[in-house]
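What follows is one structure encoded as structure tokens, with my remarks underneath.
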């Protein structure tokens, strides 16, 4: 909320100013008091005034002249003015006052109830104005945040489309290179068997080789399927899936994995999948970027569910952590947020990185 509104009080009689100050003692505003028009102008330079209460009859500069001077440089924020006068002015003087910015006249002696009621109306307008300003600012901030989110969403969609196509290409190559060649060789052997059924031991040897090749194809199909979605995750849980993945990871890269995993049978399939995908993405980043020689994976279930992937590589830089442009990190954050958790990234150049996912035990409904 804005600071208190400013109310200017001008009267060449100090007793009258004191009286007005007493009347306005319960009004939530800053009172700026002046004994002359010149003093009022000096005190209110570059001050946003919500209201001015001016005595009409003052020497050197009367209330009308002061009103004109107050508003001559306030093109958009004209100061509303209440004139105080001992006698109700003539019509010409009333028009002069309205042209100068008057919104009302009050006859002296001032009635406390009338004056405070009118002032409260203007102060309510002041607060409404500031509420509009604040809401407008919040809308601008929300629009800016939405634009950033929209941009990130568009980039994320592009990234996902590209990632899906890359994954399809990789699967296609593996199917072609590993399964296609094996099945071609199997087909050739089947054709040979069909043409040489009468060759005894040679045929049996060929069939045995075909059986071994079929077993090899089945194993490759299982490996491809497991990498896409490990059945262990559904059947035996997160710990078993991490252990299996780490064994495959070490066999493939030569990077050893140290495991410190707590069993927890209460984890839902949604949490299991989210944590496994975060773990999978973090391990992929270790291969691509970390240049690490070892990885430690910790899964703790007290006091919250926490998964940490710690490597001894080159370390995540603050620029990468804060940039918001790494789609892998964006994806990890989105997965953990969908489970009501948080993702923390840290790194020290030359000393490694830590990816930590944390989920409260009690999940929001």
Under a plain spin-label model, where a point goes 7 Å from the Cα along Cα-to-Cβ, how far apart in nm are residue 342 and residue 43?
-> 5.0
In what sequence do 10, 286 fall when counting other Cβ within 10 Å, fewest first?
-> 286, 10
If each part is reduced to its alpha-carbon centroid, region 134-155 and region 15-43 end up apart, in Å, by 43
Using only the Cα atoms of region 230-359, build the gyration tensor, take square roots of its eigenvalues as a ≥ b ≥ c, and label the shape rounded, prolate or oblate: rounded if a/c is under 1.5, else prolate if a/b is larger than b/c, else oblate.
-> oblate
Apply 1/(1 + (r/R0)^6) to the Cβ-Cβ distance of residue 68 and residue 137, taking R0 = 22 Å, and write down the FRET efficiency to the nearest 0.05.
-> 0.10
Cubic angstrom per residue, convex hull over Cα atoms of region 3-63 = 69
Added length on full extension, which subtracts the Cα-Cα distance from 0.36 nm per residue, residue 128 to residue 15 = 37.4 nm
Using the 10 angstrom Cβ neighbour count as an exposure proxy, how do 355, 133 rank, fewest first?
-> 133, 355
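Rule-based calculations on the coordinates, nothing more; no lab input. What you see is a predicted model, and the numbers here were worked out from it, not measured in a lab. A quick note on method: Cβ atoms are made from the backbone with ideal geometry, for glycine too, and the neighbour counts reach across all protein chains shown.
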